[in-house]
Amino acid sequence: MSWLGRIFKRKAIEQKASLVILGSSGAGKTTLVRFLETGEPVLENPRTTLGIDIRQSPIEISGWSLTAIDVGGQELYRESLWSLGVSQASAVIYVLDGTIRKTINNDAFEVSKFSFDYMLTIVEEDVPILILVNKQDLVEENPLTTQEAIEMYGISNLVGRSFNILPSSAKYGNGIEFAIEWLVDKIAEKNIKE
């Protein structure tokens, strides 16, 4: 049983689902996937994902077998591969780099905001979206609070979608347990409706 499997007390019917992890380049997507696979802090920075990485070993969670699809955040991959990944998704995890703030001429924020808005255009409304405001462990960089992210990214305007926004540290796993529990519940609800 994986470390995530131990956090769930209830029994679930054995089901499969795929999680597509999106976000701008350097947001922490691959770090999140590594943490989900091992349950251990990711102390070495993983290489940037080039293209699409469909993980070979599913993440086992109390009756669920979750396949993680990590898609590169660079512009080339966003335009060519995000929609392909999303078409396979039971749910989407969108990783926001919490250290990127909106300031005058902040190109990094503009890219991050564009990526987020683009993701919303390609994800069907019935697909649950988990938004992680990542890098909360970088206290010295004053990461965004969830409320700041909601305001900066216009998240309060997401009407009619199943979504949640939570603070996290993919590197150390802070907030990940609760986030994945929420996401699995939403996938189960979606499957019941279908």
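Brief remarks follow.
- First in the range 51-75 and closer than 24 Å to M119 by Cβ and charged (D, E, K, R), second anywhere and surrounded by fewer than 23 Cβ atoms within 10 Å (Cβ to Cβ) and modelled with pLDDT under 85, Cβ under 6 Å, 6 or more apart: D70/T49; D70/D53
- Strands (runs of 3 or more DSSP E) contained in the range 23-127 and holding at least 1 residues surrounded by fewer than 19 Cβ atoms within 10 Å (Cβ to Cβ): 52-54, 59-61, 64-71
- Extreme residue, nearest to P128 (Cα to Cα), among residues of the range 151-175 that are among the small types (G, A, S) and crowded, with 16+ Cβ neighbours inside 10 Å: S162
- Condition check for D137: touching a residue at least 60 places away in the same chain (Cβ under 8 Å), under 22 Å from E181 (Cβ atoms) and either of a type in the set (K, R) or surrounded by fewer than 20 Cβ atoms within 10 Å (Cβ to Cβ) (or both): no
- Test: V71 is modelled with pLDDT under 90, β-branched (V, I, T) and in contact with a strand residue (DSSP E or B) (Cβ under 7 Å, 6 or more places away or on another chain): yes
The values are calculated or read from the model by the stated rules, or taken from the named source; none is laboratory data. Quantities reported herein were computed from a predicted structural model and do not represent experimental measurements. Cβ coordinates were reconstructed from backbone atoms using ideal geometry, including for glycine residues, and neighbour counts include every protein chain displayed.
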